[in-house]
1. Can you bin region 90-132 into rounded, prolate or oblate? Criterion: square roots of the alpha carbon gyration tensor eigenvalues sorted a ≥ b ≥ c, rounded for a/c under 1.5, prolate for a/b above b/c, oblate for the rest.
2. What relative contact order, as a whole-number percentage, does region 106-147 give when Cα pairs under 8 Å and 6 or more residues apart are counted?
3. Taking 0.36 nm per residue of separation and subtracting the Cα-Cα distance, what length does fully extending residue 54 through residue 74 add?
4. How much accessible surface area, in Å² rounded to 10, belongs to the heavy atoms of residue 76 with a 1.4 Å probe?
5. Over region 71-151, calculate the relative contact order: mean separation of alpha carbon pairs under 8 Å at least 6 apart, over the residue count, as a percent.
6. Shape call for region 24-64 from the C-alpha gyration tensor, a ≥ b ≥ c root eigenvalues: rounded (a/c under 1.5), prolate (a/b greater than b/c) or oblate?
7. In whole angstrom, how far apart do the alpha carbon centroids of region 34-83 and region 9-23 sit?
8. Could you check the simple spin-label distance between residue 153 and residue 45, using points 7 Å along Cα→Cβ, in nm with one decimal?
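The values are calculated or read from the model by the stated rules, or taken from the named source; none is laboratory data. Fair warning: this is a prediction, and the values are worked out from it, not measured in the lab. All Cβ positions, glycine included, derive from the backbone under ideal geometry; neighbour counts span all protein chains shown. Side chains included, ligands, DNA and RNA excluded: accessible areas come from the protein's heavy atoms. Shrake-Rupley method; radii C 1.70, N 1.55, O 1.52, S 1.80 Å.
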Amino acid sequence: MSTTQSERLRGLLEPLVSAKDLDLEEIEVSRAGRRRMLRVVVDSDHGVELDACAELSRAISEKLDETDAMGEGEYVLEVTSPGADRPLTEHRHYVRATGRLVRFQLREGGELTARILGVDDEGVDAEVPGVKGRKPTARRLAFADIAKARVEIEFNRKDDKAADAPEGRPAGDDETDETKEEEA
């Protein structure tokens with residue numbers, strides 16, 4: 001995608017995305033057979049629901065129909081959120097990853113896997129898990145020292161919410177006993 005088209009699309013779409021309280025993460029135009037594919041990636045501090053993507057997709061489609069930003073040819077529009085393992089490239093990505101396990105590639109070489117405990121303007125405070133019975137250790141990483149970072153997917157982590165859930169009830173199930181009695 002040419003820089004001019006990318007800038008034009010960003011300028012056109014950013015206000016629509018911001019109006020939905022979302023962040024425009026990426027715009028990508030690629031070929032899919034004879035058609036082009038316009039992929040718009042959005043995110044927020046609280047994630048993105050499917051309904052929000054659908055509403056935004058309709059708004060973007062209407063706006064693109066009013067303009068010639070995509071030219072005359074056919075294209076497919078995809079509005080999506082980033083995957084769970086997307087790279088952390090912006091300050092807000094690190095903030096959103098607080099509490100998550102992240103694999104860092106360091107500029108001076110080497111790799112480090114640690115849980116983000118806090119983020120400020122200069123870098124992250126992280127906890128490196130202990131190995132073979134050792135206690136975890138704290139580590140400060142300046143953004144300038146991080147070459148790449150990506151969230152690691154954890155399938156068996158016991159999060160605080162699950163640990164605090166009443167016995168026999170899934171975490172996040174806010175249904176009260178009174179509601180259950182009414183349904184019975």
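1. oblate
2. Values: 64 pairs, mean separation 15.6, N = 42.
So the answer I get is 37 percent.
3. Stretched fully, the residue 54-residue 74 segment lengthens by 5.2 nm.
4. 50 Å²
5. Details: 134 pairs, mean separation 25.1, N = 81.
Answer for region 71-151 is 31 percent.
6. Working: a/c = 2.48, a/b = 1.66, b/c = 1.50.
Since a/c reaches 1.5 and a/b is larger than b/c, the shape of region 24-64 is classed as prolate.
7. Their Cα centres are 10 Å away from one another.
8. 2.8 nm
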